[in-house]
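See structure below.
The values are calculated or read from the model by the stated rules, or taken from the named source; none is laboratory data. Quick caveat, the model's predicted, so the values are computed rather than measured. With ideal geometry, Cβ positions are generated from the backbone for all residues, glycine too; neighbour counts draw on all protein chains shown. Remember, those area values only see protein heavy atoms, side chains included, never the ligands or the DNA or RNA. Shrake-Rupley method; radii C 1.70, N 1.55, O 1.52, S 1.80 Å.
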Amino acid sequence: MSARLRDTYRRLRLGTRLALGLGVLSLVAFAVVGTSLTAYMRDYLGHQQVAQLKLVQNTQAKDAAQHGTVKRQPYYGWYTAVYDVSDGTAALRRPADVPDDTGEFTALAQARADSAGDLTSTAQLAGKGAYRLRACEVVPGVVLVSAAPMAEIEDIMERLITVQVIAFTVALLALVVFGRILLRRGLKPLSDMAHTAHGIASHDLTESAARLPLRADRSGGGPEVEELRTAFNTMLEHIDDSLAVRAEAEQRLRRFVADASHELRTPLMSVRGYADLFQYAAANVPEERDKHLARLRSEAARMGILLDDLLLLARLDAAEVDAPLRLEPCDLADLVRQAADAFRAAHPGHPLTLDAGSRPLPLSLDPVRIRQVLDNLLTNAAVHTPAGTRVSVTVGVTPGAARVVVADTGPGITDADQRRIFDRFYRVDKARSRENGGSGLGLAVARSLVTAHGGTLTLRSEPGATAFLLELPRVAL
């Protein structure tokens, strides 16, 4: 039974449980207050009755001393008896206004004869109810016993208890009801947050662009609830950010797989086509055979470069322990000069201006990978600009970093293309052939390599001027 009650209590809502707890505490407080008040009132009325008995006996003692007995009864329902006490026995003087049951009177008179002061007791008289008795000495050997009924006191106490029970019951019910209303209003923000959480739980988080439209926006509830609401909304913002990152990653992965499949399909189809040509006699003529083999080698080499770039990007993204970098002390200015010489030899139609300074610029870097970045930036300047476009390379130093600027005076890059210029497989000129335009991985690889060195690669472009800014940290060697 107790286990069932505990289970039922646990299933109650927090506001109901708090209201019930408040009711139990109030009930205990009311019980303590009522008991204390009742006991105090009973004691007070008892003292008042004893004082009244004492006052009445002062007059009755004079009457008993003068006439031997008390002639007049002070109040209705009161009793008075005069006893002669000697040798431990008490004899009632007649006439006496006493009930049929005089045993308590006689016993108290005998006890008064053996004591040094007045005595008071409470007795239950047969057929009469509860009485308070008081015994005092009139003269030596004579004891006066008076009895006052306690029915009035008991009636007052019953009324007092009834009033207390009614008042405390009404107060308890009002406290529980209004307390439940106030608690429900105070806990409303928590209920709103619970409703929001249920809404989030029913939200489809598998959508590619899933967002959580729900927030705990209502105010109130006190500082603690405000802190909880702020933490709750902050958590939702983090979840939103995580979902956005996941959706973007999924979209990039799908685009990457589609682009990689498309890029690899073209050389594979070329290889397959040239291989099929060898089935025909015309393709086995020496000059035709050499031509087709050259094309096969070209497509295979192009596919190998593409796979190498994809593998390099995968290793850079995975942040492997064995990173694809071999750092060593190198002169960045010398690397730039080497890249410039190679560019002049490969692209004589693009005049190149070099400003590398006269002093060496020692850095800790991977010379092969940084040379790959420089060659890629210079090649892009030649491939994506018309013949005769001037290209410049400037090497400089900023606080804590070395800077290389590769600029050209070509047509520039639009704002839409600038936002995606470093995306994988993205081409600015969609109509350019793969043979001339590349696979769209060059700038993505370049930025990843620079980031792996702890540097940055950014773009600034406008009509008539395009510049790539390469910055590498300067670390003490």
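In the context of the full set of protein chains, the stretch 13-132 has a per residue accessible area of 61 Å² (1.4 Å probe). Excluding residues on the same chain fewer than 8 positions from residue 71, give the lysines whose Cα lies under 19 Å from its Cα. By straight Cα distance, residue 71 reaches 54, 62.
Would you mind calculating the gained length between residue 387 and residue 28 on full extension (0.36 nm times residue separation, minus the Cα-Cα distance), in nm to one decimal?
Length difference between fully extended and current span is 119.5 nm.
Projecting the Cα atoms of 21, 80, 64 onto the dipole axis of the stretch 1-87, where Lys and Arg carry +1 and Asp and Glu carry -1 at the beta carbon, places 21 farthest toward the positive end. Neighbours of residue 47, meaning other residues whose beta-carbon lies under 11 angstrom from its beta-carbon, give a summed charge of +2 when Lys and Arg score +1 and Asp and Glu score -1.
Taking 8 Å as the Cα distance limit and 6 or more residues as the minimum spacing, I'd like the relative contact order of the stretch 53-138 as a percentage. Before the final figure, lay out each step's value.
Numbers: 110 pairs, mean separation 19.5, N = 86.
So the answer I get is 23 percent.
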